[in-house]
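Data block below; observations after.
The values are calculated or read from the model by the stated rules, or taken from the named source; none is laboratory data. As the structure is a prediction and not an experimental result, all values here were calculated from the model. Counting neighbours? That spans all protein chains shown, and the Cβs are built from the backbone with ideal geometry, glycine included. Surface accessibility is based on the protein's heavy atoms, side chains included, excluding ligands, DNA and RNA. Shrake-Rupley method; radii C 1.70, N 1.55, O 1.52, S 1.80 Å.
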Amino acid sequence: MTSRVVHSTRASRIGMSVAAVLILVLLTVPWWGDRATMRLLVEIFYILALAQLWNLLAGYGGLVSVGQQAFVGLGGYLLFILVIFLDIGTIWTVPMAGVLGAVISLPIAFIVFRLRGHYFAIGTWVVAEVFLLGFAQVKALGGGSGMSLPIAAIKSIAASRADRDATIYWLALALAVAVIAGIYLLLRSRYGLALTAIRDSEEASRSLGVDNFRAKLLVYILAAFGTSAIGALIYITKIRITPSAAFDINWTVTIIFIVVIGGIGSIEGPIVGTLIFFLLREPLAPYGTWYLILLGVTAVVVMLKAPKGLWGLFAERFDIALFPVQRRLLLGAVDKPG
């Protein structure tokens, strides 16, 4: 018998081909789509990216954070600081906010990593509240009332409104694709194997020589980098920022809902969850409280009937993975000579 390790499946190769075609189609939207369509797609892209990053934290790193709004708001405020006080080009603030968010996350990590389980989750929420209260005291940033981007900063993105909308759209699409591709490549690397081992059993992974702290720290910093960059993008689209909106826990509640109903611990799960979230939100949002009740009922039903999420249920039944991060060992017979 011969054996070989494979990294992809027929379904994943088909899925990658479909994804490539879809990305090409999405790239053309500014040439034929209206402004409302592009704004909706921008929102879908950044919510999907946020959900993927939280899934990396919780689904693979075992770091269940309920305070990711800390980095959404931080990225938003870094946008305003870099643009207004340092005269940085508006588009360039997105990667710069990511880098600064990652740097700021390092000392935070050494604090919250001292906590375990639900204490860690509460600790991340406390950090977000500290950020909210802190930025609300900074008069130069508008205090509790917030501030708006200068018109000159908005016009620096592009000369016309149509070109600005297209630039922001392409930036949001690039961020979403980069986050998904980056997470996929990370999980296919040796760090991915370490994270999988940590998720299954920290004690066992430690006995195999995995540095649990270093692996989790890497994931936390990467999530902070991506979330801060996305936060800057979000507030380019919103133009105005306030502490209560930037550090609103609803950012984290939304992405947790998406990951839970889609399927935690898989790249496909947040994609499915994001589609379901927007399919529910668009027609039902005008109903106010009933819309929120329906979202809650949906989450409860999915958690009871499909603990691994809708994608997890589908993948388990049909043994399919569009983004396979696990290696498979295939056995085959050797032809006899003669």
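Gly123: within 22 Å of the chain's Cα centre (by Cα) and not in a loop (DSSP other than H, G, I, E, B), yes or no?
yes
When you check Leu100 against the structure, is it at pLDDT 95 or above, under 28 Å from Leu280 (Cβ atoms) and open to solvent by 10 Å² or more (accessible area, probe 1.4 Å), yes or no?
Answer is no for this residue.
Please give the number of the condition Ser160 fails out of (1) farther than 26 Å from Pro270 by Cβ; (2) in contact with a Phe, Trp or Tyr (Cβ under 9 Å, 6 or more places away or on another chain); (3) hydroxyl-bearing (Ser, Thr, Tyr).
Here Ser160 meets the rest and fails (2).
Quick check on Gly265: is it in contact with a Gly (Cβ under 6 Å, 6 or more places away or on another chain) and not in a helix (DSSP H, G or I)?
yes
Going residue by residue through the range 290-310, is there one that turns out to be of a type in the set (Lys, Arg), more than 21 Å from Trp125 (Cα to Cα), open to solvent by less than 50 Å² (accessible area, probe 1.4 Å) and modelled with pLDDT under 90?
The answer is no, given that none of the residues of the range 290-310 is of a type in the set (Lys, Arg), more than 21 Å from Trp125 (Cα to Cα), open to solvent by less than 50 Å² (accessible area, probe 1.4 Å) and modelled with pLDDT under 90.
Could you grab the pairs with beta carbons closer than 6 Å, sequence gap of 6+ or different chains, first residue in the range 315-334 and surrounded by 12 or more Cβ atoms within 10 Å (Cβ to Cβ), second one part of a loop (DSSP other than H, G, I, E, B) and at pLDDT 80 or above?
Phe323/Ile267
Given the structure, is Leu24 among the aliphatic types (A, V, I, L, M), within 24 Å of Phe257 (Cβ to Cβ) and either modelled with pLDDT of 95 or more or crowded, with 18+ Cβ neighbours inside 10 Å (or both)?
Spelling it out, it is not the case that Leu24 is among the aliphatic types (A, V, I, L, M), within 24 Å of Phe257 (Cβ to Cβ) and either modelled with pLDDT of 95 or more or crowded, with 18+ Cβ neighbours inside 10 Å (or both).
Checking Asp165 against (1) of a type in the set (D, E, K, R); (2) touching a residue at least 12 places away in the same chain (Cβ under 8 Å); (3) open to solvent by 40 Å² or more (accessible area, probe 1.4 Å), which single condition isn't satisfied?
Only one criterion is unmet by Asp165, namely (3).
Give the residue that is surrounded by the fewest Cβ atoms within 10 Å (Cβ to Cβ), with candidates limited to residues of the range 64-76 that are in a helix (DSSP H, G or I) and over 13 Å from the mean Cα position of the chain (by Cα).
Of everything passing the filter in the range 64-76, Leu74 is surrounded by the fewest Cβ atoms within 10 Å (Cβ to Cβ).
I need every pair where a residue in the range 136-161 that is under 15 Å from Ile91 (Cβ atoms) has its Cβ under 7 Å from the Cβ of a residue that is polar (S, T, N, Q), sequence separation at least 6 or different chains.
Pairs that qualify, where the first residue is under 15 Å from Ile91 (Cβ atoms) and the partner is polar (S, T, N, Q), are Ala153/Thr90; Ser156/Thr90; Ile157/Thr90; Ile157/Thr167; Ala158/Thr167.
Quick check: is even one residue across the range 190-206 within 15 Å of the chain's Cα centre (by Cα), farther than 18 Å from Trp92 by Cα and of a type outside the set (Gly, Ala, Ser)?
No.
Please state which of the following conditions Thr196 fails to meet, knowing it meets all the rest: (1) touching a residue at least 12 places away in the same chain (Cβ under 8 Å); (2) buried (at least 17 other Cβ atoms within 10 Å of the Cβ); (3) under 26 Å from Ser266 (Cβ atoms).
Checking Thr196 against (1) touching a residue at least 12 places away in the same chain (Cβ under 8 Å); (2) buried (at least 17 other Cβ atoms within 10 Å of the Cβ); (3) under 26 Å from Ser266 (Cβ atoms), the one that fails is (2).
Kindly indicate which of Gly61, Gly117, Gly89 is open to solvent by less than 10 Å² (accessible area, probe 1.4 Å), modelled with pLDDT under 95 and farther than 23 Å from Thr242 by Cβ.
Gly61
Looking at Val219, Val210, which one is within 25 Å of Gln69 (Cα to Cα) and either surrounded by 22 or more Cβ atoms within 10 Å (Cβ to Cβ) or aliphatic (A, V, I, L, M) (or both)?
The unique qualifying residue is Val219.
Working carefully through the options Ile255, Ile264, find the one that is open to solvent by 70 Å² or more (accessible area, probe 1.4 Å) and either of a type outside the set (Asp, Glu) or at pLDDT below 80 (or both).
Testing whether each residue is open to solvent by 70 Å² or more (accessible area, probe 1.4 Å) and either of a type outside the set (Asp, Glu) or at pLDDT below 80 (or both) leaves just Ile264.
State all residues of the range 141-159 that are in a helix (DSSP H, G or I), small (Gly, Ala, Ser) and buried (at least 16 other Cβ atoms within 10 Å of the Cβ); if no residue qualifies, say none.
Hit for the range 141-159 is Ala153, nothing else.
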